[in-house]
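Working notes, structure below.
We did not get these values from a lab; they are worked out from the coordinates using the rules stated. Keep in mind it's a predicted model, so treat the numbers as computed, not measured. Glycine gets a Cβ as well: all are built from the backbone with ideal geometry, and neighbour counts include every protein chain shown.
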Amino acid sequence: MKILLISGGADSMYIYYNNKFDKFVYLNYGQKHIETELNILDQIVKHNNNYDLLSVDNLTKDDNGFYECRNLKFILKIIDTYKGVTSITFGTNADDKHPDNNRDFFDMIERVIEMSYKKEIKILTPLKDIKKKDIVKGLSELEIEYFTD
């Protein structure tokens with residue numbers, strides 16, 4: 001099962017329109033723009049395929065506003081919820097600066113999953129070499145709506 005973590009933001013909407021997935025998952029972790037993001041998803045994703053809404057509790061922020069262990073907790077939530085998952089796609093782009101939003105982190109987690117769960121689950125980051133401005137430009141050209149703050 002191929003899963004896209006979808007938020008309604010530019011990155012995940014770009015991936016949504018340019019790839020095929022078995023399931024779309026929105027993760028509620030207490031983010032401040034949840035209502036706006038869900039409105040976008042309700043307008044776009046529900047017309048084509050439904051998305052699942054999962055909650056990830058107990059995330060803490062550091063002094064810079066970074067949610068600690070966010071992507072690790074997201075991955076574990078997906079693996080524990082969807083036993084047939086084979087890949088999880090993140091909208092990480094070339095401008096992302098968080099320490100858990102880079103290819104080295106995801107490669108390490110793939111190895112941990114293989115050792116801990118005894119199965120191979122790919123963590124995909126198709127936008128890792130694309131800058132946010134280029135993603136937004138592509139969405140604008142296609143007249144695709146997305147959330148931005």
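Looking at (1) within 25 Å of residue 144 (Cα to Cα); (2) touching a strand residue (DSSP E or B) at 6+ places or on another chain (Cβ under 9 Å), can you tell me which one residue 93 breaks?
Of everything listed in (1) within 25 Å of residue 144 (Cα to Cα); (2) touching a strand residue (DSSP E or B) at 6+ places or on another chain (Cβ under 9 Å), residue 93 misses just condition (2).
Test residue 56 against the criterion of being aliphatic (A, V, I, L, M), surrounded by fewer than 20 Cβ atoms within 10 Å (Cβ to Cβ) and farther than 15 Å from residue 145 by Cβ, and give yes or no.
The answer is yes for residue 56.
In segment 40-76, which residue that is touching a strand residue (DSSP E or B) at 6+ places or on another chain (Cβ under 8 Å) and in a helix (DSSP H, G or I) is nearest to residue 20 (Cα to Cα)?
Here the answer is 45.
Condition (residue is surrounded by 15 or more Cβ atoms within 10 Å (Cβ to Cβ), touching a residue at least 12 places away in the same chain (Cβ under 8 Å) and more than 19 Å from residue 96 (Cα to Cα)) applied to segment 3-13: is it met by at least one residue?
yes
Considering each residue of segment 1-36, count those that are farther than 18 Å from residue 123 by Cβ, of a type in the set (S, T, N, Q) and outside any helix (DSSP H, G or I), and give that number.
Residues that pass the stated criteria total 2.
Which of the residues belonging to segment 105-143 are loosely packed, with under 15 Cβ neighbours inside 10 Å and of a type in the set (A, V, I, L, M, F, W, C)?
Of everything in segment 105-143, those that are loosely packed, with under 15 Cβ neighbours inside 10 Å and of a type in the set (A, V, I, L, M, F, W, C) turn out to be 108, 112, 115, 142.
Can you tell me which residue in segment 95-149 is farthest from residue 24 (Cα to Cα), limited to those that are in a helix (DSSP H, G or I) and of a type in the set (A, V, I, L, M)?
115
Looking at segment 77-104 only, could you name the residues that are surrounded by 17 or more Cβ atoms within 10 Å (Cβ to Cβ) and more than 21 Å from residue 16 (Cα to Cα)?
Within segment 77-104, just 100 meets the criteria.
Of the conditions (1) more than 15 Å from residue 7 (Cα to Cα); (2) in contact (Cβ under 8 Å) with a residue 40 or more places away in the chain; (3) assigned to a loop (DSSP other than H, G, I, E, B); (4) of a type in the set (Val, Ile, Thr), residue 92 clears all except one; give me its number.
Only one criterion is unmet by residue 92, namely (1).
Name the one entry in 97, 83 that is farther than 22 Å from residue 130 by Cα, without any contact (Cβ under 8 Å) to a residue 12 or more places away in the chain, of a type in the set (D, E, K, R) and out of contact with any Ser or Thr (no Cβ under 9 Å at 6 or more places or on another chain).
It is 83.
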